[in-house]
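J.: Below is the structure I would like to discuss, written out as structure tokens.
The values are calculated or read from the model by the stated rules, or taken from the named source; none is laboratory data. Keep in mind the model is a prediction, meaning the values are calculated, not measured. Counting neighbours? That spans all protein chains shown, and the Cβs are built from the backbone with ideal geometry, glycine included.
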Amino acid sequence: MHDKTGLSEKAYRPLNADESYEPFVPASESPVEVSIKTIVAGILFGILFGAANAYLGLYAGLTISTSIPVAVMTVAAFRLLQSLGQKSTILEANISQTIGSASSSLASGIIFTLPALFLWGLDPTLVQMTLLAMFGGCLGVLFMIPLRKFLIDREHGNLPYPEGTACAEVLIASQVGGSRARNVFYGLGIGALFKALVEWLKVVPSSLKIPIPFLPKSELTANTSAALFGVGYILGPRISTIMVGGGLLSWLVIIPAIAIWGADRSVPLYPETSLLIPDMAPGTLWTRYVRYIGAGAVAAAGFITLIKSIPTMVESFKVGAQQLRQRLGDTAASVLPRTMQDLPLRTVAIGAGVIALGMAVVPFVFGPISSFAMRLVGAILVVIFAFFFVTVSSRIVGLVGVTSNPTSGMTIATLLGTSSVFLLLGFTGDIGKAAAITVGCVVAIAASIAGDTSQDLKTGFLLGGTPRKQQLGELLGVLTSAVFVCLAVILLDQAYGFGTKTLPAPQATLMKLVIEGIFDSELPWGLVGIGVAIALLIELFRIPSLPFAVGVYLPVGTTFTVFLGGMLRYFMEKRASSEEEKSARREKGILFGSGLVGGEGLLGVLIAGAVFVLNHEPEGYGTAWAGSFGWLVAALALLALGYIFARRCVQK
């Protein structure tokens with residue numbers, strides 16, 4: 001039984017054959033789950049964090065799970081309403097966070113793929129992007145339905161679903177008091193203030209650069225970004241250290257090696273066609289050469305991750321197909337306990353069929369494709385890849401969480417398969433590229449949203465929510481946030497442009513390189529092969545190759561700031577006097593870090609809106625006041641951020 005102050009110990013271990021899990025709210029009770037305030041709050045928080053996550057992904061190539069901050073902000077909003085006489089149940093808060101967290105998964109799939117169309121000059125319309133987001137999100141939710149009973153119920157304890165369990169703890173703690181929401185709101189304010197100082201007023205330099213003596217063309221950089229600092233704390237010291245290791249390899253080893261090797265070359269080195277290596281700045285060397293090495297490393301690491309997951313993939317795929325066959329005609333949901341009622345399986349079949357038909361019939365979903373046959377092939381590929389990777393994603397996130405879900409590897413695999421099929425069928429040129437990237441977009445969103453849905457269903461399982469209502473909540477979250485996330489992406493492109501220093505869109509650039517390598521055969525395969533070798537070598541040392549490869553691919557300024565956040569978490573937890581204090585510091589820091597991501601992301605979108613309206617970037621005050629000590633101002637800004645962060649972690 002529960003003590004009503006937290007989850008029982010059964011929530012964290014596998015159950016014996018004679019045991020059953022008693023949720024926080026028993027199936028015999030039927031409190032209110034869905035109401036106007038749950039829907040409105042979920043939609044608003046979804047729009048807020050969806051736009052923020054889109055900005056973070058386009059800026060840093062990373063996204064975070066927003067389930068926990070959305071849950072915390074839901075608790076705060078419902079407490080405010082309760083003070084006004086509007087009582088709420090814990091299951092209402094659960095539905096609200098379910099609706100709100102869906103948008104971040106949409107943002108992940110969109111920013112991983114669709115900016116490639118902008119980089120090709122094939123700008124998609126808002127309608128096309130929104131339809132792709134809705135189709136991918138709905139497929140991810142629908143294909144997760146037949147897996148819930150097996151992955152959430154039967155595998156309870158074997159698959160911990162860390163974010164889902166943490167959300168349940170947050171919501172239960174809200175029933176007995178606490179001020180967890182305060183750290184999220186503080187983080188929102190500090191993140192927005194930091195972004196205003198750097199990008200609006202421009203009184204703080206955007207990065208801290210330190211040249212490294214005796215290493216030609218090398219430099220160590222740290223971006224003055226509150227969001228990246230928060231991401232580092234969320235990821236923790238291990239992953240952030242591995243990521244910065246990849247960045248240091250690129251900027252302190254590979255770039256100097258290229259500079260030394262090419263110092264006496266009298267002709268440009270392919271793929272560069274005009275500049276000589278001695279004439280290139282470190283950033284240019286990274287763009288023209290190291291980026292391809294990083295792309296090869298990320299692609300290889302993604303495939304290594306997928307290969308490791310083959311047993312899980314096969315088992316999950318078999319289970320999904322078997323349950324779909326067994327339950328397709330299930331009409332007995334009404335006689336099941338409330339906590340076991342899913343949407344009917346015929347809804348899955350009909351919904352997937354309608355989505356596939358819509359993608360094939362609507363001419364502009366896959367871009368400027370006039371051929372119905374090509375659209376039909378694309379729709380079939382979407383359904384096949386989506387169902388396969390939904391089963392993979394749902395199980396993987398049960399073990400390692402949403403943040404570590406190898407969505408990029410799944411997307412690359414989809415793009416390779418789709419591009420190869422289109423090439424064999426004679427669909428080439430820009431049309432073939434556009435079709436391949438849009439197919440990859442739908443699959444990436446489906447895999448991403450499946451991971452989020454799995455975590456939310458785990459939260460509902462522990463709390464005693466009704467799965468059917470949560471599944472409807474996920475669908476509502478997808479449909480209501482899709483247009484706003486896509487609008488934020490378009491706005492950011494029109495304000496800054498993708499592929500620029502402000503918005504490099506690293507993941508989409510990687511996907512663009514993959515497709516161009518297949519359709520145009522223009523990739524510098526020697527550089528890509530070096531990246532593949534790096535990933536294989538790192539894997540031999542039993543170091544997770546994917547975060548290391550991402551570090552090789554991203555600018556070191558991004559990974560070093562992430563590393564600083566991870567180191568802060570290490571020292572804060574190391575100095576804790578007890579396990580309880582260590583856990584409290586971890587939780588407070590993660591909530592504050594999530595707020596930093598949200599605050600900087602939201603202000604970034606607002607600044608983009610101002611740029612779009614004014615047709616120019618904010619001029620600001622500038623950093624001339626600092627003279628030659630701009631580097632010191634940036635360093636002090638990061639130190640101040642770290643101090644504020646540490647204070648929030650130890651605040652009583």
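The rows are residues; the columns are (1) surrounded by fewer than 17 Cβ atoms within 10 Å (Cβ to Cβ); (2) part of a helix (DSSP H, G or I); (3) not small (Gly, Ala, Ser).
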{"residue": "LYS582", "(1), (2), (3)": "yes, yes, yes"}
{"residue": "ARG585", "(1), (2), (3)": "no, yes, yes"}
{"residue": "VAL597", "(1), (2), (3)": "no, yes, yes"}
{"residue": "LEU602", "(1), (2), (3)": "no, yes, yes"}
{"residue": "TRP625", "(1), (2), (3)": "yes, yes, yes"}
{"residue": "GLY630", "(1), (2), (3)": "no, yes, no"}
{"residue": "ALA634", "(1), (2), (3)": "no, yes, no"}
{"residue": "LEU638", "(1), (2), (3)": "no, yes, yes"}
{"residue": "ARG647", "(1), (2), (3)": "yes, yes, yes"}
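J.: Continuing with this model, one more query. Find the helices (runs of 4 or more DSSP H) located wholly in the stretch 44-153 whose residues include 3 or more that are touching a residue at least 12 places away in the same chain (Cβ under 8 Å) and farther than 27 Å from ALA356 by Cβ, and list them.
T.: Those helices (runs of 4 or more DSSP H) span 67-83, 90-113.
J.: Only one of (1) β-branched (Val, Ile, Thr); (2) surrounded by fewer than 24 Cβ atoms within 10 Å (Cβ to Cβ); (3) at pLDDT 85 or above is not met by THR403, so which one is it?
T.: All conditions are met except number (3).
J.: Have a look at SER88, SER101, SER105, SER83 and point out the one that is under 20 Å from the mean Cα position of the chain (by Cα), closer than 24 Å to TYR186 by Cβ and small (Gly, Ala, Ser).
T.: From the options SER88, SER101, SER105, SER83, the qualifying one is SER101.
J.: Would you please list the contacts, defined by Cβ atoms under 8 Å and residues six or more apart or on different chains, that run from a residue in the stretch 496-525 that is over 18 Å from TYR55 (Cα atoms) to a residue that is modelled with pLDDT of 85 or more and assigned to a loop (DSSP other than H, G, I, E, B)?
T.: Qualifying pairs under 8 Å: LYS512/TRP120.
J.: Looking at the stretch 156-174, I want the residues that are of a type in the set (Phe, Trp, Tyr) and have a partner that is at pLDDT below 80 with Cβ atoms under 8 Å, at least 6 apart or on another chain. Which pairs are those?
T.: If the second residue must be at pLDDT below 80, the pairs left are TYR161/VAL397; TYR161/GLY398; TYR161/GLY401.
J.: Still on this structure, please answer the following. Enumerate the pairs (first residue in the stretch 326-350 and surrounded by 14 or more Cβ atoms within 10 Å (Cβ to Cβ) and polar (S, T, N, Q); second residue anywhere and in a helix (DSSP H, G or I) and at pLDDT below 55) with beta-carbon separation below 9 Å, excluding pairs fewer than 6 apart on the same chain, so at least 6 apart or on different chains.
T.: GLN341/ALA333; GLN341/SER334
Residues are listed down the side, and each one gets a yes or a no for (1) surrounded by 16 or more Cβ atoms within 10 Å (Cβ to Cβ); (2) assigned to a helix (DSSP H, G or I):
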site	(1), (2)
ALA257	no, yes
ILE260	no, yes
ARG265	no, no
TYR270	no, no
ARG288	yes, yes
ALA300	yes, yes
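J.: Here's another thing I want to ask about it. Against the condition closer than 22 Å to GLY191 by Cβ, of a type in the set (Phe, Trp, Tyr), in contact with a Ser or Thr (Cβ under 7 Å, 6 or more places away or on another chain) and surrounded by 21 or more Cβ atoms within 10 Å (Cβ to Cβ), how does PHE592 come out, does it pass?
T.: In short, no.
J.: Now for a separate question. Of these, ILE90, ILE36, which one is loosely packed, with under 13 Cβ neighbours inside 10 Å, modelled with pLDDT of 85 or more and among the β-branched types (Val, Ile, Thr)?
T.: ILE36
J.: Is it true that ILE530 is buried (at least 24 other Cβ atoms within 10 Å of the Cβ), touching a Phe, Trp or Tyr at 6+ places or on another chain (Cβ under 9 Å) and either outside any loop (DSSP other than H, G, I, E, B) or among the acidic types (Asp, Glu) (or both)?
T.: Working: buried (at least 24 other Cβ atoms within 10 Å of the Cβ): no; touching a Phe, Trp or Tyr at 6+ places or on another chain (Cβ under 9 Å): yes; either outside any loop (DSSP other than H, G, I, E, B) or among the acidic types (Asp, Glu) (or both): yes.
Criteria not met by ILE530.
J.: Here is a check on your reading of the model: is ALA168 of a type in the set (Gly, Ala, Ser) and out of contact with any Gly (no Cβ under 9 Å at 6 or more places or on another chain)?
T.: Here the answer is no, as ALA168 does not meet what is asked.
J.: Provide a single number: the residues in the stretch 198-240 that are part of a helix (DSSP H, G or I) and crowded, with 17+ Cβ neighbours inside 10 Å.
T.: Here is the first cut: in the stretch 198-240, the ones part of a helix (DSSP H, G or I) are 198-200, 226-235, 237-240.
Okay, now just the ones that are also crowded, with 17+ Cβ neighbours inside 10 Å, so 198-200, 226-235, 237, 239-240.
Number of matching residues: 16.
J.: Another one. Of the conditions (1) closer than 30 Å to MET340 by Cα; (2) under 21 Å from the mean Cα position of the chain (by Cα); (3) crowded, with 24+ Cβ neighbours inside 10 Å, PHE461 clears all except one; give me its number.
T.: Answer for PHE461: the failing condition is (2).
J.: To continue, here is another question. I'd like to check something: does the stretch 245-261 contain any residue that is in contact (Cβ under 8 Å) with a residue 60 or more places away in the chain and at positive phi?
T.: No; the residues of the stretch 245-261 include none that is in contact (Cβ under 8 Å) with a residue 60 or more places away in the chain and at positive phi.
J.: Of everything in the stretch 143-194, what is at pLDDT 85 or above, surrounded by fewer than 23 Cβ atoms within 10 Å (Cβ to Cβ) and aromatic (Phe, Trp, Tyr)? Give them in sequence order.
T.: Within the stretch 143-194, just TYR186 meets the criteria.
J.: Hey, any hits in the stretch 317-332 for a residue that's under 24 Å from LEU462 (Cβ atoms), modelled with pLDDT under 85, within 27 Å of the chain's Cα centre (by Cα) and of a type in the set (A, V, I, L, M, F, W, C)?
T.: yes
J.: Give the residue that is modelled with the highest pLDDT, with candidates limited to residues of the stretch 8-33 that are buried (at least 19 other Cβ atoms within 10 Å of the Cβ) and out of contact with any strand residue (DSSP E or B) (no Cβ under 9 Å at 6 or more places or on another chain).
T.: The qualifying residue modelled with the highest pLDDT is GLU33.
J.: Whether any residue in the stretch 205-225 is closer than 15 Å to PRO544 by Cβ and within 26 Å of the chain's Cα centre (by Cα) is what I want to check.
T.: No: the stretch 205-225 contains no residue that is closer than 15 Å to PRO544 by Cβ and within 26 Å of the chain's Cα centre (by Cα).
Every residue, every condition in (1) part of a loop (DSSP other than H, G, I, E, B); (2) under 20 Å from LEU131 (Cβ atoms), yes or no:
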position: ASP342; (1), (2): yes, no
position: MET359; (1), (2): no, yes
position: GLY367; (1), (2): yes, yes
position: PHE385; (1), (2): no, yes
position: SER408; (1), (2): no, no
position: ALA447; (1), (2): no, yes
position: GLY451; (1), (2): no, no
position: LYS458; (1), (2): no, no
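J.: Across the stretch 344-357, which residue is farthest from the chain's Cα centre (by Cα) among those that are at pLDDT below 90 and in a helix (DSSP H, G or I)?
T.: Residues of the stretch 344-357 that are at pLDDT below 90, as a first pass: 344-349.
So of that shortlist, the ones also in a helix (DSSP H, G or I) come out as 345-349.
Working: LEU345: 28, ARG346: 30, THR347: 28, VAL348: 25, ALA349: 28 Å.
This residue is ARG346.
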